[in-house]
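Presented below is the structure to which this report refers.
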């Protein structure tokens, strides 16, 4: 029988505070919810605690068995406790407390990456999570969040990543110019998405065969002009219909897919 925690439990109150970025930084842990994210946390040995709504114990029995086998503590939650921990309208019923996932840029570069997704000052957690999920699906080596960027441990970001935040390194760096120079020093070409680039994606195969880092701006302002100027190439996506532009998620999906396709044909 698992211990059942109520919404008044000191542990539940403590876990609920992990919704705040400052608390996450101070405690070096964060809260994830939903089966995809919890399984990803288990798969990567990042889960320190599993919490399940008591009415969902049978539903998530496979996850609980895995947690027990790995020696990870599990606790039950009352309905109100689950609601207190959840940031969604309908709580998924299962949560994990995990250690933070920040990766080191030097470690990423030491692995000779060929495909990086770089978000410059992303502010919207859902978009950041979608970018991480897309980068994971396309086999990217890491995601870099530069400047004044959203916390990838934000609940909405983790949910939008569908567990991918655990699958590949996510690096946060405040220094935009310094980080981009570090990439170029490793002979990684910087590709800035631009409405009117000098290079069209259809004709970019030669560039995409090498190591590249795609630079994506935020939804509101796009890439800053000084960042675009630092890029080795400004690449435009052909728009053949009447749409004026593409949003971040769509542009990232197209660019990362094309890079992955070309690199698969020309492995290093």
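The values are calculated or read from the model by the stated rules, or taken from the named source; none is laboratory data. Owing to the predicted nature of the structure, the values given are computational and were not obtained by experimental measurement. Cβ atoms come from the backbone with ideal geometry, glycine included; neighbour counts cover every protein chain shown.
Here are the numbers for the structure shown:
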read-out	value
Filter result (in contact with a helix residue (DSSP H, G or I) (Cβ under 9 Å, 6 or more places away or on another chain) and under 22 Å from residue 260 (Cα atoms)) within region 87-112	105, 109
Strands (runs of 3 or more DSSP E) enclosed by region 23-119 - at least 1 residues per element that are on the phi > 0 side of the Ramachandran plot, free of Cβ contacts under 8 Å to residues at least 40 places away in the same chain and crowded, with 21+ Cβ neighbours inside 10 Å	none
Condition met for residue 137 (crowded, with 22+ Cβ neighbours inside 10 Å, more than 9 Å from the chain's Cα centre (by Cα), over 15 Å from residue 183 (Cα atoms) and touching a residue at least 24 places away in the same chain (Cβ under 8 Å))	no
Selection from region 176-209 of residues that are in contact with a strand residue (DSSP E or B) (Cβ under 8 Å, 6 or more places away or on another chain), loosely packed, with under 15 Cβ neighbours inside 10 Å and under 17 Å from residue 257 (Cα atoms)	200
Residue in region 237-250 that is out of contact with any strand residue (DSSP E or B) (no Cβ under 9 Å at 6 or more places or on another chain) and under 30 Å from residue 29 (Cα atoms) present	yes
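Residues checked against (1) crowded, with 18+ Cβ neighbours inside 10 Å; (2) modelled with pLDDT of 95 or more:
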site: 240; (1), (2): no, no
site: 245; (1), (2): no, no
site: 254; (1), (2): no, yes
site: 263; (1), (2): yes, yes
site: 266; (1), (2): no, no
